Amino acid sequence: MAKQKTQQFVAKSYKLTRDVAPLSFMLPTKHTKRFTLLHFDDETGTNRELRYARNQKSVYVDEQDTNALMEPIIFEDGFLHVVKENQILQEFLHLHPLNGKKFVEMDKAKDAAAEVEELLVEADAMVEAKKLSLEQLENVCRVIFGTDTTKMSSAELKRDVLMFARSNPKDFLEVVNDPDLKFMGTIQRFFDQGILKTRKSDREVWYSTPNNKTKMLNVPFGATPPDMVASYLQSDEGIEVLKHLEGLLD
């Protein structure tokens, strides 16, 4: 007869989900009007009140006696370590409504895999940044920073792009892999060289050429001037305008 596998009790660690954790954070341990501490029981179809009391055999109030001894649950520097002997607390944390929202159980293997993935993305971003030509560096800087690259040296361009790629690898790769990168760089050049200008707190885009000082378009709330100009210049109406503006570039 095969032996039944015994359950293994282990210590567990938990961490707050916020990037910047407070020095200490106290987790609600009982149901109150201010904080609803209930767990839906699939077997009974009811919401059952939770309460953490280390001297009890259950986390459910309806299964606890009248001698429940309450203890605070405090995350120090964003972390909480629970020994294997305190299975009640581990179960309470598993059922807690804030599990997955304010805190999560730490999984070393999962955390390591996620960190490896982040490092690989960062490495890919740095490789792509190092391969960029001067023209591509200028386009990336125009799109990402909205800066006038004519006032920057090639070393400054490369430095800024490398730093951005290291700090924001996913955003950087999205930009460099965008087929419209060169086109968006051209749009930014129109603004850098004063061919196009914005007015009314970037809510309007106006032509600013020797023969044209009229308004091109309005910028709706939530949109940016370069994106709206790009959309217009890619339309049937804007094709000839694009050719004309490109002819005015230095």
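Below, the figures for the structure above:
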quantity: Any hit, the stretch 31-44, residues being in a helix (DSSP H, G or I) and closer than 21 Å to V104 by Cβ; calculated: no
quantity: Residue within the stretch 62-72 that is among the hydrophobic types (A, V, I, L, M, F, W, C) and touching a Leu at 6+ places or on another chain (Cβ under 8 Å) present; calculated: no
quantity: Residues (free of Cβ contacts under 8 Å to residues at least 12 places away in the same chain and part of a helix (DSSP H, G or I)) located in the stretch 231-240; calculated: S231, I239, E240
quantity: Selection within the stretch 5-29 - surrounded by 11 or more Cβ atoms within 10 Å (Cβ to Cβ) and either over 32 Å from the mean Cα position of the chain (by Cα) or over 20 Å from F75 (Cα atoms) (or both); calculated: F9
quantity: When residues of the stretch 183-211 are limited to those that are among the aromatic types (F, W, Y) and surrounded by 17 or more Cβ atoms within 10 Å (Cβ to Cβ), the one farthest from M152 (Cα to Cα); calculated: Y207
quantity: Qualifying positions in the stretch 142-163 - closer than 23 Å to A123 by Cα, in contact with a helix residue (DSSP H, G or I) (Cβ under 9 Å, 6 or more places away or on another chain) and small (G, A, S); calculated: S154
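Values in this text are rule-based calculations from the coordinates and carry no lab data. As the structure is a prediction and not an experimental result, all values here were calculated from the model. Glycine also receives a Cβ, built like all others from the backbone with ideal geometry; neighbour counts cover every protein chain displayed.
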